[in-house]
1. Could you tell me which residue of the stretch 203-224 is farthest from VAL172 (Cα to Cα), considering only residues that are surrounded by 15 or more Cβ atoms within 10 Å (Cβ to Cβ) and in contact with a helix residue (DSSP H, G or I) (Cβ under 6 Å, 6 or more places away or on another chain)?
2. Being in the same structural domain as ILE122 (by TED's automatic domain parsing), over 40 Å from the mean Cα position of the chain (by Cα) and either surrounded by 10 or more Cβ atoms within 10 Å (Cβ to Cβ) or free of Cβ contacts under 8 Å to residues at least 40 places away in the same chain (or both) is the requirement here; does VAL192 meet it?
3. Do you know which residues across the stretch 197-228 are under 41 Å from the mean Cα position of the chain (by Cα) and of a type in the set (Ser, Thr, Tyr)?
4. Under 9 Å between Cβ atoms, at least 6 apart or on separate chains: pull out the pairs that start in the stretch 155-171 with a residue that is within 11 Å of ARG190 (Cβ to Cβ) and modelled with pLDDT of 95 or more and end on any residue that is assigned to a strand (DSSP E or B) and among the aromatic types (Phe, Trp, Tyr).
5. Pick out, from the stretch 114-187, the strands (runs of 3 or more DSSP E) lying fully within it that include 2 or more residues that are of a type in the set (Val, Ile, Thr).
6. In the stretch 220-227, is there at least one residue being closer than 20 Å to LEU112 by Cα and modelled with pLDDT under 95?
7. Restricting attention to the stretch 147-170, does a residue exist that is crowded, with 19+ Cβ neighbours inside 10 Å, small (Gly, Ala, Ser) and touching a Lys or Arg at 6+ places or on another chain (Cβ under 6 Å)?
8. For LYS116, are the conditions met, namely being in the same structural domain as ILE222 (by TED's automatic domain parsing) and modelled with pLDDT of 95 or more?
Amino acid sequence: MDEVKKLLTEFADRVVDGLPPADVDADVARGRRALFRIKARRRVTGVLCVAAATAAVVAIGNQVDWFGGGGTEVATGTADKDTAPTATPTPAASPSQADDTLSLFSGAALELVANKETWSTISCKLAPRGWTEEKPAAADRVVLTPPSARTSDDEAKLVLRSAADAQSLASVRVVRTGGKVFQVGTAAGREVGQVKLGDRWLIVQLPVQHQDWTDDLLRRFIGSCSIS
């Protein structure tokens with residue numbers, strides 16, 4: 001600044017016609033004020049630029065955190081294949097075989113298998129596994145005894161018979177399937193299922209303790225039977 005003042009003083013010593021004498025000190029003061037204002041504007045501009053740059057960095061950082069996870073979960077509409085649970089296929093149940101007899105249907109402790117025995121005029125393609133026919137058999141009647149029951153225990157036996165008329169039942173449940181009408185109800189305190197086959201009725205009386213004989217199992221058993 002001293003060099004600037006020296007130059008101004010040298011110029012001021014040169015008198016120019018028509019112009020008033022130069023005031024060097026005033027000119028230097030005005031120059032200082034102008035320089036201060038320029039520096040002040042530069043500092044303000046620098047601060048604003050830094051602030052803008054900082055805000056931009058923060059905004060970009062937030063976007064990176066949002067897109068990249070940032071320690072929080074982001075709903076995407078699709079499951080991450082690395083963490084998505086995979087369903088374990090359940091193997092299909094296959095029919096079991098024992099004594100060359102195919103197991104077709106079963107309840108909790110009851111199993112219907114292919115019947116290889118020849119009965120009377122009543123014949124069935126299915127029979128409960130292990131149940132034996134009571135001998136001698138009547139022409140229109142078949143009695144089956146479970147393996148765990150005594151032959152003298154009538155309440156444990158399964159009785160099949162053919163009749164010209166249906167038996168009167170209480171609390172009847174009717175199901176139409178396979179072109180047949182199955183009726184399941186109670187008679188004389190026993191559960192009974194019946195179906196009309198041709199011009200005769202097949203009537204099946206269940207044991208007193210018949211909890212293993214579900215309606216579906218009973219219909220499958222009766223549906224496999226025929227009357228000759």
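1. Of everything passing the filter in the stretch 203-224, PRO207 is farthest from VAL172 (Cα to Cα).
2. no
3. THR214, SER224
4. GLN167/TRP201
5. The strands (runs of 3 or more DSSP E) meeting that bar are 141-145, 170-177, 180-187.
6. Taking every residue of the stretch 220-227 in turn, none turns out to be closer than 20 Å to LEU112 by Cα and modelled with pLDDT under 95.
7. yes
8. So LYS116 does not fit the description; no.
The values are calculated or read from the model by the stated rules, or taken from the named source; none is laboratory data. Since the structure is predicted, the reported quantities are computational estimates derived from the model, not experimental observations. Ideal geometry is used to build each Cβ from the backbone, glycine not excepted, and the neighbour counts take in all protein chains shown.
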